[in-house]
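Accompanying notes for the structure given below.
The values are calculated or read from the model by the stated rules, or taken from the named source; none is laboratory data. A quick note: this is a predicted structure, and the numbers were derived from the prediction, not measured. Glycine also receives a Cβ, built like all others from the backbone with ideal geometry; neighbour counts cover every protein chain displayed.
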Amino acid sequence: MCKRVVVLAMMVCYILNFGIAQGQGIRWQQISRENSNVTCLALEPANPATIYIASKNCILKTDDGGANWRTILTVRGQNRAINFLSIAAGERGSLYAATGDGLYRSQNGGKNWQRIFRGKDSRKNFCTAVAVLPKVIYLGTQDGLFITNDNGRSWAKAEARLGESRILCMAYDSKEPDYLYVACVDGIFKSANGGKSWDRVFVASPTEESCEEEQDENSENNHEELTSQVRYLVLDKNNPSRLYLATSHGVYKSQDRAKTWELFSTAGLLSLDIRSLLVTKQSLVLAATKTGVYKYQDNGWQELSLRLVAGEVNFLALDNQETLYAACDKGLFKAIATEEDNSMNSAISLYYKEEPAISEVQQAAIRYAEVGPEKIKDWRKRAKIKAILPRLTLGIDRSKRTNYEIYTSATTHYVYAGPLDKNSGWDVTLSWELGDLIWNDDQTSIDVRSRLMVQLREDILDEVNKLYFERIRLRMEMDRLSIEDRVKRSEKQLRLEELTASLDALTGGYYSEYLNSR
């Protein structure tokens, strides 16, 4: 009987993994309490039925896959946020919680807790991420990175910029403890010698913006917070040299331990602001935006969160059987493969075949608006060439002078005008500003225009994405209408023409030209 249960569980796991990898359908099942705002979670590697979630200021635990939950920790104090949960590799029941009131640790599955880090002020006390390696623990806070080599009894602050910047997350492989990657508002930092030295391998420019967060009545409602384009960082355990970076502009990939980065295609994404990333055992990349879950395949993104009514998606996680979990505003959801959704996805693919690919529509919109990245590259190239070319100055000099002879005596005087003296000349001057080869003042203007162009391009692509997928959904709704629903069909047909016209306006008529050619 026991063997049958194990085999059945393995078959269910394989079906789910195959469904996600091949684009087959999945449905979502809520396994947490109703309307529990789940910000993050941790899954016990040895027992997939044991799940820890953070909801508001509490940590909840289930030992039966979500059927029953119990509170194991309540964080009190001025800032009660629970920002990250981590289970130490090879230490069963060892759970770490990075909270707004310090770092907590439990070594018996949440029965007892000990606060092993507490900062001197609110910023140092606000913990955001933790990485537990065999001999060292790295702790990220709002005020820098802290390191302990004695299991939390004493902490040392990282040097230079990592000791001052707000830490967002960390990526590492327990099999290679010397390599650690830290994501902060200033970019990505890498250590290849166990934290002794750090190199910045991805640069991000933080900005200060005012934000409002839900806090208790004793805390301040308004405060200044550093934010940046960096969101999340994940390491591919199948290939430790490969990393994926989530930013507010899409997903970047590095295949050489963060030496170089390339941007993934954004085709299929309704939002470019990526909140969380995952890499499966088959090296399939999963991403979470504010309102959806996507997988990257065939140079494009496909949404997996259809029928997921969960509010905002905050975090993604996989258990050791590759089952997908999504922490959302309305609870914890689990992905389950279904044959019904498989047939529905097959039907959806028929609608895509009749439309131009989203990547082609995006490129048409970029060309029409002239906001392609090659335009900025051409400007930068021309600015460098300008320093090589000389500055040409032409000068012309003309003069005219009249000679006079004046004689005066007691008896006579006279004035004699001589011939005119005329002179003319010209000169040519060539000068070079060799300092412009190092820095050109035009670069500042180009940088400003580049930021504005990137923002404009994102706005255009966001609008194209929304119109494109709304048009496909509208066609599906029209096909489900009965013949008697003439009024609704007329209204939807009018809306369909409106969407087509809007896409034509953004692409210079490309959309209609493609449909007519079909």
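Given the criteria assigned by TED's automatic domain parsing to the domain that holds residue 232, under 30 Å from the mean Cα position of the chain (by Cα) and part of a strand (DSSP E or B), does residue 140 qualify?
Values: assigned by TED's automatic domain parsing to the domain that holds residue 232: yes; under 30 Å from the mean Cα position of the chain (by Cα): yes; part of a strand (DSSP E or B): yes.
Yes; evaluated as a whole, the condition is true for this residue.
Working carefully through the options 403, 516, find the one that is out of contact with any Ser or Thr (no Cβ under 8 Å at 6 or more places or on another chain) and either without any contact (Cβ under 8 Å) to a residue 12 or more places away in the chain or assigned to a helix (DSSP H, G or I) (or both).
Of the residues listed, the single one that is out of contact with any Ser or Thr (no Cβ under 8 Å at 6 or more places or on another chain) and either without any contact (Cβ under 8 Å) to a residue 12 or more places away in the chain or assigned to a helix (DSSP H, G or I) (or both) is 516.
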Can you find a residue in region 53-65 that is part of a strand (DSSP E or B), crowded, with 20+ Cβ neighbours inside 10 Å and not hydrophobic (A, V, I, L, M, F, W, C)? yes
Name the single residue that is nearest to residue 446 (Cα to Cα) among those in region 382-400 being part of a strand (DSSP E or B) and of a type in the set (A, V, I, L, M, F, W, C). 392
Can you name the number of the only condition in (1) surrounded by 18 or more Cβ atoms within 10 Å (Cβ to Cβ); (2) not in a strand (DSSP E or B) that residue 129 fails? (2)
Can you tell me which residue within region 93-111, out of those that are out of contact with any Phe, Trp or Tyr (no Cβ under 7 Å at 6 or more places or on another chain) and charged (D, E, K, R), is surrounded by the most Cβ atoms within 10 Å (Cβ to Cβ)? 101
Between a first residue in region 290-315 that is touching a residue at least 60 places away in the same chain (Cβ under 8 Å) and a second residue that is surrounded by fewer than 21 Cβ atoms within 10 Å (Cβ to Cβ) and hydroxyl-bearing (Ser, Thr, Tyr), which pairs have beta carbons less than 7 Å apart while being 6 or more apart in sequence or on different chains? 299/265; 314/39; 315/39
Residue satisfying all of: in region 22-52; part of a loop (DSSP other than H, G, I, E, B) and of a type in the set (A, V, I, L, M, F, W, C); nearest to residue 301 (Cα to Cα) among these: 31
I'd like to know if region 305-315 contains one or more residues that are of a type outside the set (Phe, Trp, Tyr) and not in a loop (DSSP other than H, G, I, E, B). yes
(1) modelled with pLDDT of 80 or more; (2) touching a Lys or Arg at 6+ places or on another chain (Cβ under 9 Å); (3) farther than 30 Å from residue 237 by Cβ; (4) not basic (Lys, Arg) all hold for residue 331 apart from (3)
Only one of (1) within 60 Å of the chain's Cα centre (by Cα); (2) modelled with pLDDT under 80; (3) among the acidic types (Asp, Glu); (4) outside any helix (DSSP H, G or I) is not met by residue 421, so which one is it? (1)
What tally of residues in region 434-473 results from selecting those that are in contact with a helix residue (DSSP H, G or I) (Cβ under 6 Å, 6 or more places away or on another chain) and not in a helix (DSSP H, G or I)? 1
Which of the residues spanning region 272-291 are buried (at least 21 other Cβ atoms within 10 Å of the Cβ) and not in a strand (DSSP E or B)? 274, 289
Qualifying position, being crowded, with 19+ Cβ neighbours inside 10 Å, within 30 Å of residue 191 (Cβ to Cβ) and of a type in the set (A, V, I, L, M, F, W, C), among 267, 258: 258
